[in-house]
Each structure stands twice: as C-alpha cells, then as structure tokens.
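Asker: Below is one structure. I have some questions about it.
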Amino acid sequence: MQHVTDMAGKRAELTPDRIAFVDEETGAALSFAQVNDRSNRLAAGLAGLGAGAGDRIGILCHNRPDFFTFLFACQKARLILVPLNWRQPPAELSPLVEQAGVKLLATDAAFAGVAAELAGQHGLGRIGMEPETGAEIDLETLLAQAPEMRDDPRPVGTDEIWYLLYTSGTTGLPKAVIQTPGMCWANAVNYAQAVDLISSDRSINFLPLFHTGGINLPTLPLFLLGGTSRILRRFDAGAVLDLVHRGEVTSFFGVPAIYQAMALHERFADTDFSRVRAFACGGAPLPEPLIRTFADRGIGVCNGMGMTETGPTVFLNDPAHARSKIGSVGKPQMLAETRIVDAGGTVVDGEGEGELQIRGPGVTPGYLGNPEATEAAFTDGWLKTGDVARRDADGYYYIVDRIKDMYISGGENVYPAEVERVLVGYPGVLEVAVIGVADDRWGEVGEAFLIARPGEAIDTGALPRWCRERLAAYKIPKAFHVVSDMPRTAAGKVRKHLLKEMRP
C-alpha cells in the first residue's frame, strides 16, 4: 500500500498560523495549528470512549468547522466517518446507521431530536457539537479532558477507508461509497490545476457536508494548499453575494441551482464579481441561458463533471473555451483517465459517443459491504459511469445524458437532456425535466415538467410548436406539466424516478 502524510498534521507543520476556517455564523477563526490540535484531542477522546480502528463515527449537522475536526480526527485514529443526510427523516437514516455499523453519533442542536431517536434505536453514544443538544458527551468537554496528543508518526495508507458517502439510489438502500486519502489527493490535484487554486485563495463552504461537493469542492483541496474557507451553515444567496462583493471569495464552486439562485437574487446585478478568479460548476450541466446570464456580467462559468465514486473531479472546462464550447465539461484532468465505449463494447477512438468509463487514483475502490454492486460498477478496472458522453474533434467532452434516462419512442432513442435544452430556451421557463412514460402506441413517450421564472407564466399550448421547430417529431413530449418544484438530490439534481408520482 502507498502512503501519504497526516493531512492536518502536515499542514499545521507548514503553515501553523494561517487561517484554515472561518465560521461565518460566529466569526470564529481556526488556524491550521488549532484545527490539528482539536483533531488530535478528538482522536484521543474518541479512543477514550472505546472507538478503535475501523469503527464508524456518524455525524449529523449543518456545515460547521468542527465537521472537519471529526474528519481529520478519524484519519488520525483510523476511524471511519459516516456523514448523514440531515434532509432525511429517521426512518430513512436508521437502516443506513445499522448498515454502516455506527458506534458513536455527533450532532449539532438543529438535529438533536433526530440524533436522539437514532441513538435510542441503535444504542449509540451521542456527542453534542453545541451545548443545546442534550447529548451525553459534550464535544468541548471531551476535547478539554483529552490528553494532548502528538501527530501520529505512522503514514496514512492511500487506500484506507476514511469516510463513507451514500449515493441516492433509485431502488433499495443507498450504497456506501468508500472515500480514501488517495482519492482526496487525486481530487486536489485535478481540481486545483483546473482552476489554478493557490494558497492565497479564499472560498466558501455551503454545499451540504454529507455530499462530496461540500467536502471536496473546493474545501479539502484548499485546506491541503493552505488556503481559507469561510463556512456557512447552509446556502443563502444573499449572504454568498455579500461575501463575493466584499472580496472574501477568490475561487467559487457551485451547482446549477446555486448559480440560478444567485442570478435571480435582487442584488445580483450590483454584486462586484471582479475579485473571483475562477467560477466552476458541477453536479449537473449548467443550462445555456444561465451560462449567458453570467457571461453578460463578464463571468465565464466552467462546467465540470464528476461523481461521488470519482472523488469527485474528473472533468472541468477551461476558461478559454467556457463560451466557445458551451455545454462541454472540458477534458479529463491530470489524474483521470477516460474512455468512451459504444453499445457493442468497442472503445471509441477520436470523435464519438458511448458510455463514459473512468479509472485513476481518484476512483473509489467500491461500495462498503456490497461486493455485488462493486463488481457490477467496474469492467477491467474501469468505472462504468452510466453516462452517455460525446467527444468532439478537439477532445472536449459533452455529457449527453444518463443511459437509464434514455427512453425509446417508436423505435427511436430519445435523450431527455436534448429535449430539456430546447425547452429551457422557451420564454418564461426556468427549469425543465423530461421523463419517458409508457404509451400503448409508441412504447414510450416523453412528458415534461417545467418550473416558471418568478413572476412569469408558461403557455404550455405553444410548447409543441416551439419544439417542432427545433426537434424531430418523436422527441416532442406528449404532455407538459407546470410545477412549483421538483424532488432533488443534495447536489440539486432532479430525482427523475420520483417525477412520475407528480403526474396529474
């Protein structure tokens, strides 16, 4: 096994007095030395509570610096952190807690009730990250009573299980994706070189920390480089725009829903974006109208692509081509290998289309306790993404759609993303999702779900004609539903398998 250094310990050794995290709610700042000291003490404290190498520590909280105290403490003590999705009710979290074998559960005050219910069901000890949690163990007391611990001289294995992230499965229990120190370093290289991330950069952490974007885009890469992250409990468009305007942000990452919320905010037009050197987007393709909204402000947002299983960064477009290749996720980054495989299993050279497959040090070794799913996800060492990708003559990639989202209408393949790109250009349309539904005549037909722009209405009667001018007839949805919102993942992706439940 290859090895890397203790991340918090090495960063504290290099730049002890620089600021690692600022808690935006309290204004408290933590230096790298303080982060390392808290993580060392917590590692010792967890050991004192009986947690041994390989044990699972659950955490249920809004974004806060001490999430990373737990993350680095787990690396030091060879424990496994299990971030839990605070959007899920206890009924959904309980089987995950059981599946992971969680031994202790850390919680903030916002989710103290959920944590108490889970603790009662599974016999867990609770660690309160705030005084108001009612937990048996208070974090600050645990840290104060823990012996001062020096950094562990043992190297950290690149393939050690460090933390688990759950995918949002469409059937059955979500899968626990293994995350390792090696994946973290590969992502840091891929993301940092793509956006020119440097030690003097400042960023904001607001994507939820039970999601790879919250942990890794760009907070962990920036920590490893010695930069500063301001941590918001959760996303607020006004607060983010204020920080950008004040020059507190030099490197920015968001998902499309984040960019949409900022563009719709009343202060968007007056916000000074000039001190942000890089704007990146992932989680889902950024719609062309939104790209142009930011371009009109002189902002080139670079689309990217990655997965929980890839650590996540694989692709990120470069600023020079953000406008000329709208819709592209760019080229595979430094530590990512990719290939396109057609329906017959042949690897496509040059231009072409097929399933995107990925390998490299950023790819997960698999799903914890689920060898069947792990085996099904790989072929000859390549991760099968389930995405249809297209590569152009210049080597730039485009994500066409999810293979599972494609439907067949009258014998013709229809990719919903193509139809969505047409519909989102219609006046008054803010967002679109298209799904295939059963049809007696055609086998399957499309149905579109649309969200209107604030204060505007959508004339659904005019949509078929709009589509006929831009799409083949078999691609035109047979029904259009205007809705107020759609079910989403933590990254803002629409959970399409749930849309059928919203049909009238």
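Asker: Could you give me the ³J(HN,Hα) list for region 249-254, computed from phi with Karplus coefficients 6.51, -1.76, 1.60 and θ = phi - 60°, whole Hz, x at Gly and Pro?
Answerer: Result, ordered by residue: 10, 10, 9, 10, 10, x Hz.
Asker: Relative contact order of the chain: what whole-number percent is it, with Cα pairs under 8 angstrom and at least 6 residues apart? Working shown, then result.
Answerer: Numbers: 1047 pairs, mean separation 51.0, N = 504.
That works out to 10 percent.
Asker: Same structure again: Can you divide the C-alpha Rg of region 33-174 by 2.2 N^0.38 Å and report the result to two decimal places? Can you show the working numbers first?
Answerer: Working: Rg = 14.6 Å, N = 142, 2.2 N^0.38 = 14.5 Å.
Ratio of Cα Rg to 2.2 N^0.38 Å: 1.01.
Asker: Give the residue from 436, 58, 216 lying farthest towards the positive end of the charge dipole for the chain; charges sit on Cβ (+1 for Lys and Arg, -1 for Asp and Glu) and the dipole is referred to the Cα centre.
Answerer: 436
Asker: Moving on. Could you give the distance between the Cα centres of region 224-290 and region 324-358, to the whole Å?
Answerer: So the separation of the two Cα centres works out to 29 Å.
Asker: Let's see if you can work this out: charge +1 on each Lys and Arg Cβ, -1 on each Asp and Glu Cβ, no other charges. What is the dipole magnitude of the chain about its Cα centre, in debye to the nearest 20? Before the final figure, lay out each step's value.
Answerer: On the way: 49 positive and 62 negative charges, 78 e Å.
About 380 debye.
Asker: Under the rule of at least 5 residues apart or a separate chain, name every residue whose amide H is placed under 5 Å from the amide H of residue 205.
Answerer: Amide H neighbours of residue 205: 230, 231, 232.
Asker: Using the charge dipole of region 36-157 (Lys, Arg: +1 at Cβ; Asp, Glu: -1 at Cβ; taken about the Cα centre), state which of 122, 110, 44 has its Cα farthest towards the positive end.
Answerer: Projecting each Cα onto the dipole axis, the largest value belongs to 44.
Asker: Still on this model: Starting from the amide H of residue 3, placed 1.01 Å from N in the peptide plane, find each other amide H under 5 Å away whose residue is 5 or more places distant or on another chain.
Answerer: 158
Asker: Please report the net charge: other residues with Cβ closer than 9 Å to the Cβ of residue 429, K and R +1, D and E -1.
Answerer: Working: positive: 453; negative: 431, 456.
Taking every Cβ under 9 Å from that of residue 429, the sum is -1.
Asker: Enumerate the calculated ³J(HN,Hα) couplings along region 469-479 in order (Karplus 6.51 cos²θ - 1.76 cosθ + 1.60, θ = phi - 60°), each rounded to whole Hz, writing x wherever the residue is Gly or Pro.
Answerer: Taking θ as phi minus 60°, the curve returns 6, 10, 9, 5, 4, 5, 8, 6, x, 8, 8 Hz for region 469-479.
Asker: Take every DSSP beta bridge with both residues inside the chain and express the antiparallel ones as a percent of the total, to the nearest 5. Spell out each step's value before the answer.
Answerer: Details: 49 of 83 bridges.
Rounded to the nearest five, the antiparallel share is 60 percent.
Asker: Moving on to the next point. Quick check for you: with a 1.4 Å probe and neighbouring chains kept, what is the accessible area per residue of the chain, in Å²?
Answerer: Details: 20620 Å² over 504 residues.
Here the residues of the chain average 41 Å² of exposed surface.
Asker: What percent do you get for the relative contact order of region 1-144 when only Cα pairs under 8 Å and 6+ apart count? Present the calculation step by step, with values, prior to reporting the outcome.
Answerer: Details: 231 pairs, mean separation 27.7, N = 144.
In percent, rounded to a whole number, it is 19.
Asker: Over the alpha-carbon set of region 132-244, divide Rg by the Kirkwood Rh and report the Rg/Rh ratio to two decimals. It would help to have the intermediate numbers written out before the result.
Answerer: Values: Rg = 17.2 Å, Rh = 16.9 Å.
That ratio equals 1.02.
Asker: Defining a contact as two alpha carbons under 8 Å apart and six or more residues distant in sequence, what relative contact order in percent does region 196-301 show?
Answerer: Details: 150 pairs, mean separation 26.6, N = 106.
In percent, rounded to a whole number, it is 25.
Asker: Can you give me the Kirkwood hydrodynamic radius for region 45-128, using every pair of distinct Cα atoms, in Å to one decimal? If you can, show how the numbers build up before the last one.
Answerer: On the way: mean 1/r = 0.0792 Å⁻¹.
Here the Kirkwood hydrodynamic radius works out to 12.6 Å.
Asker: Right, another one. If packing is taken as the average count of other Cβ atoms within 10 Å, what order do 38-44, 454-460 fall into, highest mean first?
Answerer: Working: 38-44: 24.4, 454-460: 11.3.
Ranked by mean Cβ neighbours within 10 Å, highest first: 38-44, 454-460.
Asker: Please give the calculated 222 nm ellipticity per residue for the chain, where each DSSP H segment of at least 4 residues contributes -39500 (n - 2.57) and the sum is spread over every residue; nearest 500 deg cm²/dmol? List each step's numbers first, then the result.
Answerer: Numbers: 15 runs with 141 residues, N = 504.
Taken over the chain, the calculation gives -8000 deg cm²/dmol.
Asker: Another one. Per-residue HN-Hα couplings for region 270-282, Karplus 6.51 cos²θ - 1.76 cosθ + 1.60 at θ = phi - 60°, whole Hz, x for Gly and Pro?
Answerer: So the J values, rounded to whole Hz, are 9, 6, 8, 9, 5, 8, 8, 7, 9, 10, 10, 9, x.
Asker: For the cross-link pairs 76/175; 325/493; 10/493; 331/404; 384/496, which exceed 28 Å when the distance is taken from alpha carbon to alpha carbon?
Answerer: Values: 76/175 25 Å; 325/493 22 Å; 10/493 36 Å; 331/404 24 Å; 384/496 20 Å.
As for pairs spanning more than 28 Å Cα to Cα, those are 10/493.
Asker: Would you grab the residues whose amide H sits under 5 Å from the one on residue 481? Only those 5+ places off in sequence or on another chain, please, with H modelled 1.01 Å from N.
Answerer: Placed amide hydrogens put 448, 449, 450 under 5 Å from residue 481.
Asker: Oh, and also: What percentage of the solvent-accessible surface of the chain, computed with a 1.4 Å probe over protein heavy atoms, is contributed by carbon and sulfur atoms?
Answerer: Numbers: 10180 of 20620 Å².
C and S atoms contribute 49 percent here.
Asker: Among 458, 445, 497, whose Cα lies farthest out toward the positive end of the dipole of region 349-499, if unit charges sit on the beta carbon of Lys, Arg (+1) and Asp, Glu (-1)?
Answerer: 458
Asker: Please work out the Cα center distance from region 95-171 to region 1-78, rounded to the nearest Å.
Answerer: First find each Cα centre; the distance between them is then 13 Å.
The values are calculated or read from the model by the stated rules, or taken from the named source; none is laboratory data. Quantities reported herein were computed from a predicted structural model and do not represent experimental measurements. Glycine gets a Cβ as well: all are built from the backbone with ideal geometry, and neighbour counts include every protein chain shown. All accessible areas refer to the heavy atoms of the entire protein, side chains included, with ligands and DNA or RNA removed. Shrake-Rupley method; radii C 1.70, N 1.55, O 1.52, S 1.80 Å.
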